[in-house]
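The values are calculated or read from the model by the stated rules, or taken from the named source; none is laboratory data. A quick note: this is a predicted structure, and the numbers were derived from the prediction, not measured. Cβ atoms come from the backbone with ideal geometry, glycine included; neighbour counts cover every protein chain shown.
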Amino acid sequence: MLENPSAYNRKIRADLAIEYEGLRFATTWGLFSPRAIDDGSRLLLDYLELETDSNCLDLGCGYGVLGLVMARRAPGGHTLLVDKDFVAVDYAEKNRRANRIDNASCLLSNGFAQVPPQQFDVIVSNIPAKVGKEMLYIYLFDALEYLRPGGSFYIVTITGLRQFFKRGFSEVFGHYEKIKQGKTYTVARGIKQS
């Protein structure tokens with residue numbers, strides 16, 4: 001039994017904060033990777049290519065790491081961060097405001113369901129492994145529809161799903177580009193052909 005349960009409760013409920021690329025992220029228990037930016041997101045950001053005026057979408061934004069870093073790297077564009085978890089969207093918005101990022105917005109949406117029709121230059125997603133193949137295909141088809149010609153859909157996923165995404169990107173986008181494969185994670189993309 002704990003010596004002081006009340007003190008332990010306060011300690012584990014304390015706000016969590018992470019710093020990355022000069023940005024500070026508040027997180028909380030119940031969101032993905034609350035103690036540190038996960039290795040998959042770091043790998044994706046290491047290989048992500050965008051222009052300073054790119055319009056971007058972070059699909060499944062969590063507390064906002066990918067989307068807010070993209071907004072900072074592309075100050076002349078706009079980045080939309082979406083997640084189906086209202087707590088994630090709340091934290092992404094708090095982090096957007098705290099980091100004074102004005103070229104981004106946050107939206108509650110299950111995938112693309114609430115995303116207004118528009119064309120993005122870059123869409124990124126740290127794909128969860130357990131959403132089901134049907135949802136993964138929906139992400140691929142919707143990403144293709146929301147990309148401008150020449151736009152890129154970057155994903156990072158556990159390496160065990162690499163073959164699934166190779167097949168899925170080839171079927172939906174007409175090609176698959178593996179950018180970096182590590183022991184645990186793989187970064188890949190599809191580019192919308194004109």
Filter result for residue 111 (in contact (Cβ under 8 Å) with a residue 12 or more places away in the chain, out of contact with any strand residue (DSSP E or B) (no Cβ under 6 Å at 6 or more places or on another chain) and part of a strand (DSSP E or B)): no
Can you name the residue in the range 169-194 that is surrounded by fewer than 21 Cβ atoms within 10 Å (Cβ to Cβ) and of a type in the set (Gly, Ala, Ser) and is also farthest from residue 38 (Cα to Cα) among such residues? 194
Of the conditions (1) of a type outside the set (Gly, Ala, Ser); (2) crowded, with 19+ Cβ neighbours inside 10 Å; (3) farther than 24 Å from residue 191 by Cα, the single one that residue 79 does not satisfy is (3)
Kindly establish whether residue 89 is under 26 Å from residue 53 (Cβ atoms), in contact with a Ser or Thr (Cβ under 6 Å, 6 or more places away or on another chain) and either modelled with pLDDT of 95 or more or crowded, with 16+ Cβ neighbours inside 10 Å (or both). no
Would you kindly identify the strands (runs of 3 or more DSSP E) lying entirely within the range 11-67 that contain at least 1 residues that are surrounded by 17 or more Cβ atoms within 10 Å (Cβ to Cβ) and at pLDDT 95 or above? 56-59
Within the range 85-121, the residues that are aliphatic (A, V, I, L, M), farther than 24 Å from residue 144 by Cβ and out of contact with any Cys (no Cβ under 9 Å at 6 or more places or on another chain) are 87, 98, 101
Among the listed residues 120, 141, which satisfies the condition of being within 12 Å of residue 58 (Cβ to Cβ) and either of a type in the set (Phe, Trp, Tyr) or modelled with pLDDT under 95 (or both)? 120
